[in-house]
Amino acid sequence: MGSVQRAMRLLESVAEHEHGAPAKQLARETGLALPTAYHLLRTLVHEGYLRRDKGLFFLGEAAERLSSSGAEQKRRSTVVEALAHWRDLIGVPVYYAQYRNGEIEVLCVSESPGNPAVEEWADFRETGHAHAIGQCLLAQLDDEARRDHLDRYPVQSITPYTVRDGHSLLRRLERTARMEPVTERQEYALGTVCAAIPITLGNAAATMAISLPAHQADRLLAATQQLQEEIGRLMGTLAISISI
């Protein structure tokens, strides 16, 4: 345990020196005897946590991977906490999704026993034409990307309310204003209504969405407006975090 603590102190000390630091300076800053510091520094270099260049020590690839992983976990935690807050505040399950590498990806869902999420009974990636999340993401794509997606995942009937063909869907998407929420009623799952709000992430297509039982459909508009307002309040923080 003592060696681990000393090694961590050395890593922390190296991290404070953007342009590197020599072993003597690191030993002095950490209060370690020079032979001990040398031994630990060599071990950290061997394991990839540090690198040595012209007598100076810098953080290595292994340490940078740890830092990157920690930052990614923190960003994801921010999104998870935001969705859980909105779930409890509005009383609906909340979803976060992106269009990445030609696919619809639902990256986070926040639900509770009283507000369960929609069951993915048909693959979300293949049925983007039928649910609000997919329609919202497809509406944000350019014409070529949109048609490419529908060539790979043709429109098909999921419920009696699903849009009937690709031409009808394209006309609907073309009429959707850039930042306008998208709603669907029982097109993906009978007994469920959904709304999806487009999120601006540079050139990336993203969305936050909610769902409600069909018998609560009269709540959908107000709940969607409330979520929009909440997203607006946190957008500065989320703009970085939602690239999970």
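The values are calculated or read from the model by the stated rules, or taken from the named source; none is laboratory data. No experiment lies behind these values; they were computed from the predicted model shown. Ideal geometry is used to build each Cβ from the backbone, glycine not excepted, and the neighbour counts take in all protein chains shown. These area figures cover heavy atoms from the full protein model, side chains too; ligands, DNA and RNA do not enter into them. Shrake-Rupley method; radii C 1.70, N 1.55, O 1.52, S 1.80 Å.
See the values below:
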| quantity | calculated |
| --- | --- |
| Test: residue 149 is surrounded by 15 or more Cβ atoms within 10 Å (Cβ to Cβ) and in contact (Cβ under 8 Å) with a residue 60 or more places away in the chain | no |
| Tabulated pairs, the range 176-192, first closer than 21 Å to residue 155 by Cα, second open to solvent by 30 Å² or more (accessible area, probe 1.4 Å) and aromatic (Phe, Trp, Tyr), C-beta under 6 angstrom, 6+ apart or interchain | 186/161; 187/161 |
| Number of positions in the range 182-208 that are assigned to a loop (DSSP other than H, G, I, E, B) and open to solvent by 40 Å² or more (accessible area, probe 1.4 Å) | 4 |
| Where a residue in the range 14-32 is on the phi < 0 side of the Ramachandran plot and its partner, wherever it lies, is crowded, with 19+ Cβ neighbours inside 10 Å and of a type in the set (S, T, N, Q), with Cβ under 8 Å and at least six apart | 21/13; 26/13; 29/13; 30/13 |
| The range 157-173, residues that are within 16 Å of residue 138 (Cα to Cα) and more than 26 Å from the chain's Cα centre (by Cα) | 162, 163, 165, 166, 167, 168, 169, 170, 171, 172 |
| Residues that are open to solvent by 20 Å² or more (accessible area, probe 1.4 Å), of a type outside the set (D, E, K, R) and touching a strand residue (DSSP E or B) at 6+ places or on another chain (Cβ under 8 Å), drawn from the range 92-122 | 99, 106, 107, 109, 117, 118 |
| Elements of type strands (runs of 3 or more DSSP E) contained in the range 45-163, each with 1 or more residues being hydroxyl-bearing (Ser, Thr, Tyr) | 94-100, 103-110 |
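Yes/no matrix, rows are residues, columns are (1) closer than 14 Å to residue 92 by Cβ; (2) at pLDDT below 95; (3) open to solvent by 30 Å² or more (accessible area, probe 1.4 Å); (4) not hydrophobic (A, V, I, L, M, F, W, C):
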site	(1), (2), (3), (4)
210	yes, no, no, no
226	yes, no, yes, yes
231	yes, yes, no, no
237	no, yes, yes, yes
242	no, yes, no, no
